[in-house]
Amino acid sequence: MYSENHDGKKIKRKRRKKKRYLLKFFIILLVCAGVYLGLRNISYFNIEGVAVVGNNEITDDEIIKLSEIEEGDNLFSVHPWFVERRIKNSNLYIEDVNVNRRLPNEVEIIVKERKGKAQFTNGKRYIVTDNEGMVIETAREERQVTLIEGVTVTGAELKNTIEVKETGNFNKAMELVKEMEEGDLYFKKIKVDGNDVEAYIYDSLLCRGKYDNLIECIKSGALKSVVFDLYQKGTESGVINIGSNNYCSFTE
């Protein structure tokens, strides 16, 4: 009998402790909510500035507009997670974003951009993709990224991989864009026809050769040396013929 009464008292004490903990938790929760609501009504915390960091392709004003944050809003009415989702889902050039509240009255938006790497024509529109071929923009005007010719676009939905007819030409063009960037070069336009490639540095200055040979010349740095030499001379027209074994020759 004693043992049963003793155990019962222990159980009752545990239940009382749980109730006290829950009561304390709800009291703390109510106090925090009250403080939070109070801070939202203090003008000292009204936003006076929004700083945007890490952007090059997208302007500060555009990012701030997407955030829907306005000067005069209370700092504690800004919910970083919701603002981050709002910005990221509104523009595919934004790969990631972090929003930080800076006491007492500033907001910092840190942006990581997804850059356009290639563009394809589709009727009167330009389809811009990243390095993986994901469509990030459909534009009416040509963008400042490498134009790919010799590839027919059959489907282009935002956030999806571009659909093309000539998959072989497409894969080679995208590999050239990747190697171009790693080799510190820029091609204004790349035209692929099977194994034959024309890569335009300027409208009238191009590299011409077989795909494998061009890739080899880019990786070795041989093409960069020729292009740099022509740049120093102010030469903007002519043909750089690409052969095997890193062979490059210039013809005016």
Which pairs in the list Lys65/Lys117; Lys124/Lys233; Lys165/Lys188 are over 32 Å apart, alpha-carbon to alpha-carbon?
-> Lys124/Lys233
If you keep only loop residues by DSSP, which chymotrypsin sites (Phe, Trp or Tyr not before Pro) in segment 58-101 have at most 12 other Cβ atoms within 10 Å of their Cβ?
-> none
Could you estimate the translational diffusion coefficient of segment 172-252 from the Stokes-Einstein equation, with Rh from the Kirkwood formula over C-alpha pairs, at 37 °C and 0.692 mPa s, in whole µm²/s?
-> 269 µm²/s
Summarise the accessible area of segment 68-150 (1.4 Å probe, protein heavy atoms) by the percent that is carbon and sulfur.
-> 40 percent
Largest first and to the nearest Å, give the Cα extent of segment 59-126 along each principal axis.
-> 50, 18, 18
Taking the Cα centre of segment 100-148 as the origin, how large is its charge dipole in debye, to the nearest 20, when only Lys and Arg (+1) and Asp and Glu (-1) carry charge on their Cβ atoms?
-> 60 debye
Looking at segment 123-178, which GluC sites (Glu not before Pro) are DSSP coil and have at most 13 other C-beta atoms within 10 Å of their C-beta?
-> Glu132, Glu141, Glu142, Glu157
Can you give the Kirkwood hydrodynamic radius of segment 77-116 from its Cα pairs, in Å with one decimal?
-> 10.6 Å
Roughly speaking, what is the centre-to-centre gap between segment 93-111 and segment 167-201 when only Cα atoms are used, to the nearest Å?
-> 36 Å
Treating every alpha carbon of segment 76-200 as one equal point scatterer without solvent, the Debye formula yields log10 I(q)/I(0) values at q = 0.11, 0.20, 0.22 Å⁻¹ of -0.46, -1.05, -1.21
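The values are calculated or read from the model by the stated rules, or taken from the named source; none is laboratory data. Given the structure is predicted, the values throughout are model-derived calculations rather than measurements. Neighbour counts are summed over all protein chains in view; Cβ atoms, including those assigned to glycine, are modelled from backbone coordinates with ideal geometry. Accessible surface areas use protein heavy atoms only, side chains included; no ligands, DNA or RNA. Shrake-Rupley method; radii C 1.70, N 1.55, O 1.52, S 1.80 Å.
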